[in-house]
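Visitor: One structure, pasted below without further comment.
Each value in this text was obtained by applying a stated rule to the coordinates, not by laboratory testing. Model, not experiment: these values are computed from the prediction. Glycine also receives a Cβ, built like all others from the backbone with ideal geometry; neighbour counts cover every protein chain displayed.
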Amino acid sequence: MHSPTIEILPLKKGFLRAAAEATHVLVRLVAPAQPTTENVAAAQRAPLDLALVIDRSGSMSGDPLKAALESTVRIIQGLRPDDRVSVVAFDDKVNVVQPLVAVGDAQDLVNRVRHIDSGGSTALFDGWQEGVKQLAPFVKKERIARVILLTDGQANHGLVEEGKIFEHVAKAAGAGITTSTVGLGHGFNESLLTGMAKAGEGAANFGQTADDLNEAFEEQFAILSNAFLRQVKVSIQGGSDVQARLLGELLEDGVTLSRKLGTLPWDSALTAVVELKIGANAKADSLLAVNFSAVTKDGTAITFGPQILALPEVDLAAFSTLQPDVHIAAAVSEAVTAEKLDTIEALVRNGQEAEAKQKLAELSQQTDLSPWAREKVAYLTRLLDEDRIMAMKELRYASRNFTRSIKASCVAENSADFDEEVEQAKALFLRKKRAAGRSSAPQPPQTPPQA
């Protein structure tokens, strides 16, 4: 098997013992480039077992349901003959449009999908659970089993408590069935859908139009189609007298912390930013230990590490002259920004819009923002004035993208200037987007009205 590379990249090439301020390191698991055509067998993805779970409740009637169905058709038509697919539609009742079946000639299934019509209320958990039931008897370690849930609403029928839903989703992921979510429009519950994707070790996307929705589905499929490793998890441990935490989660002294990072495609990286508080008795040759675990495309569990961070100790005068690596600084800035966006989202949700706008203004004045982060903060500031509901959704998904999205294999590329034309040339799962809930494809120019 081709091996990934663990990188531990410190912000500065030295450390100051017992410093008042924490320092940061960027941790990355980098996949190799996809093999050439001579080794195509090594690059071929594992076959897929997909349960496509579609909300057909009353609120989906018209354009939303049409967009969802056409996007579902595109996924089915893009599958290989050895892939298998199930289609589940739900409102207050659950309908198995197609039990899990090999794709083969998919035209009959495509026709049935296009005839799904809208119905009543939203038994979201029941629909998801039926998707899991379609996959569960057929889970094999050499295949990828995933539920993709698409909804524009709230769970208002059946099990609705988020925490209990997350427990079920996490249990399914532990049994080999991951979950991704796609929210549509204004009405969906972003807390529920991002939480399900996190618990389910999948991806979370949302959109407002057919184009947005198509791109979200295509991104899901592109990740699965290009998977090098899946179910990647990072574990960190601070050395003696070193407090470490993954930004956003506290690691108590001496306790290992893990975070699920999801699927690692070829020629890309999964990243985490670690904050270190280095005490007076820390050992310079073992400040931090990093391990990764994952599952290969044939279903084999594998581990990488430990990788140890060692840095030279310097005095205050020398430390003050050390220049931070600009590329690492950009990654650290984005992780810190994600934490601040979480705080801002909570303010908006609690009706404290003035305080949220003030914090966005303060964030926009920070000199260490990466070009992408600066564009994102400016967009969120405008959106909060225009549409509070969509601003909350963009804040939630922006925070996740800063800390959890798949990154380019080259650190320098991740910190480069934000250019939408450049982003268009990248794989969907590597694109940086100003607006998470809108298509990144260039929009056609509007025809001016006739005089």
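Visitor: Quick one: putting +1 on the C-beta of Lys and Arg, -1 on the C-beta of Asp and Glu, what dipole do you get for the chain around its Cα centre, in Debye to the nearest 20?
Guide: 740
Visitor: Can I ask one more? Of the options VAL326, ALA338, ALA33, report the single residue whose Cα projects farthest towards the positive end of the charge dipole of the chain (beta-carbon charges: Lys, Arg +1; Asp, Glu -1).
Guide: ALA33
Visitor: Using only the Cα atoms of the range 326-430, what semi-axes does the equivalent ellipsoid have when each is the square root of 5 times a gyration tensor eigenvalue? Give whole Å, largest first. Don't jump to the answer; show the numbers that get you there.
Guide: On the way: eigenvalues 119, 41, 28 Å².
Square roots of five times the eigenvalues give 24, 14, 12 Å.
Visitor: Add +1 for every Lys or Arg and -1 for every Asp or Glu among the other residues with Cβ under 15 Å from the Cβ of PRO137, and state the total.
Guide: +3
Visitor: Please report the antiparallel percentage of DSSP beta bridges with both residues in the range 46-225, rounded to the nearest 5.
Guide: 20
Visitor: Follow-up question, since we're still on this one. Projected area of the range 1-160, taken from the Cα convex hull and averaged over every viewing direction, in nm²?
Guide: So the mean shadow area of the Cα hull is 15.3 nm².
Visitor: Determine, for SER118, SER57, the number of other Cβ atoms within 10 Å of each Cβ, and report the residues in order from fewest to most.
Guide: Neighbour counts put them in this order, fewest first: SER118, SER57.
Visitor: Which of the lysines could a cross-linker bridge to LYS133, judged by Cα under 18 Å and excluding same-chain residues fewer than eight apart?
Guide: Once the sequence-local lysines are set aside, what remains near LYS133 is LYS93, LYS141, LYS164, LYS171.
Visitor: Can you pull the three principal axis extents for the Cα set of the chain, in Å, largest first?
Guide: Its Cα atoms span 72, 59, 44 Å along the three principal axes.
Visitor: So what is the orientation-averaged projected area of the range 161-287, using the convex hull of its C-alpha atoms, in nm²?
Guide: Over every viewing direction, the Cα hull of the range 161-287 projects on average to 9.9 nm².
Visitor: Would you calculate the volume per residue, in Å³, of the smallest convex hull containing every Cα atom of the range 265-346?
Guide: Here the figure is 178 Å³ per residue.
Visitor: Filter LYS359/LYS432; LYS297/LYS407; LYS66/LYS357; LYS260/LYS407; LYS233/LYS407; LYS297/LYS340 down to the pairs with a C-alpha to C-alpha distance above 25 Å, please.
Guide: LYS66/LYS357; LYS297/LYS340
Visitor: Can you tell me the orientation of helix 190-199 relative to the chain, as the angle in degrees between its alpha-carbon axis and the longest Cα principal axis, to the nearest 10?
Guide: With both axes taken from Cα atoms, the answer is about 70 degrees.
Visitor: Restricting to the chain, compute how many DSSP beta bridges are antiparallel as a %, nearest 5. Let's see the in-between values first.
Guide: Values: 48 of 74 bridges.
Once the DSSP bridges in the chain are tallied, antiparallel ones form about 65 percent.
Visitor: May I ask you to sort THR296, THR337 by Cβ crowding, counting other Cβ atoms within 10 Å and putting the fewest first?
Guide: In increasing order of surrounding Cβ atoms, one gets THR296, THR337.
Visitor: Rounded to whole Å, give me the distance from the Cα center of the range 314-355 to that of the range 155-227.
Guide: Cα centroid of the range 314-355 versus Cα centroid of the range 155-227: 27 Å apart.
Visitor: At 222 nm, what helix-only mean residue ellipticity would the chain give, in deg cm²/dmol to the nearest 500, using -39500 (n - 2.57) for each DSSP H run of four or more? Before the final figure, lay out each step's value.
Guide: Working: 14 runs with 163 residues, N = 451.
Computed ellipticity for the chain at 222 nm equals -11000 deg cm²/dmol.
Visitor: Please label the shape of the range 163-220 as rounded, prolate or oblate, based on the square roots a ≥ b ≥ c of the eigenvalues of the alpha-carbon gyration tensor (a/c under 1.5 means rounded; beyond that, a/b larger than b/c means prolate, else oblate).
Guide: oblate
Visitor: Shifting gears a bit: Compute the helix-to-body angle for 326-349: its Cα long axis versus the longest principal axis of the chain, expressed 0 to 90° and rounded to tens.
Guide: In the chain, helix 326-349 runs at an angle near 60 degrees to the longest axis.
Visitor: Here's something else I'd like to know. Select from LEU192, THR209, GLN365 the residue farthest towards the positive end of the dipole of the chain; place +1 on Cβ of Lys and Arg, -1 on Cβ of Asp and Glu, and compute about the Cα centre.
Guide: Result: LEU192.
Visitor: Another question about this same structure. Could you work out the relative contact order of the range 46-225, using alpha carbon pairs under 8 angstrom and six or more residues apart, expressed as a whole percent?
Guide: Here the relative contact order equals 24 percent.
Visitor: Same structure, new question: May I ask which residue of LEU270, ILE308, GLY176 lies farthest towards the positive end of the charge dipole of the range 173-325, with charges of +1 (Lys, Arg) and -1 (Asp, Glu) on Cβ and the Cα centre as origin?
Guide: Positive-end residue among those listed: GLY176.
Visitor: In addition: Using Cα-Cα distances under 8 Å and only pairs 6 or more residues apart, what relative contact order does the chain have, in percent?
Guide: Dividing the mean separation by the residue count of the chain yields 17 percent.
Visitor: While we're on this one: Quick check for me: using +1 on Lys/Arg Cβ and -1 on Asp/Glu Cβ, what's the dipole size of the range 326-430 about its Cα centre, in debye to the nearest 20?
Guide: It comes to approximately 400 debye.
Visitor: Given an 8 Å cut-off on Cα distances and at least 6 residues of separation, report the relative contact order of the range 305-451 as a percent.
Guide: 27
Visitor: Further question: Compute the angle between helix 371-386 and the longest alpha-carbon principal axis of the chain, please, reported from 0 to 90 degrees and rounded to the nearest 10.
Guide: 50
Visitor: Could you work out the longest stretch of the chain that avoids the GluC sites (Glu not before Pro) located in DSSP loops with at most 13 other Cβ atoms within 10 Å?
Guide: Here the longest segment lacking exposed loop sites spans 253-451.
Visitor: Take the alpha carbon gyration tensor of the range 1-90, find the square roots of its eigenvalues, order them as a ≥ b ≥ c, and report rounded if a/c is under 1.5; if not, report prolate when a/b exceeds b/c, else oblate.
Guide: Values: a/c = 4.36, a/b = 1.67, b/c = 2.62.
It is oblate, given that a/c is not under 1.5 and a/b is not larger than b/c.
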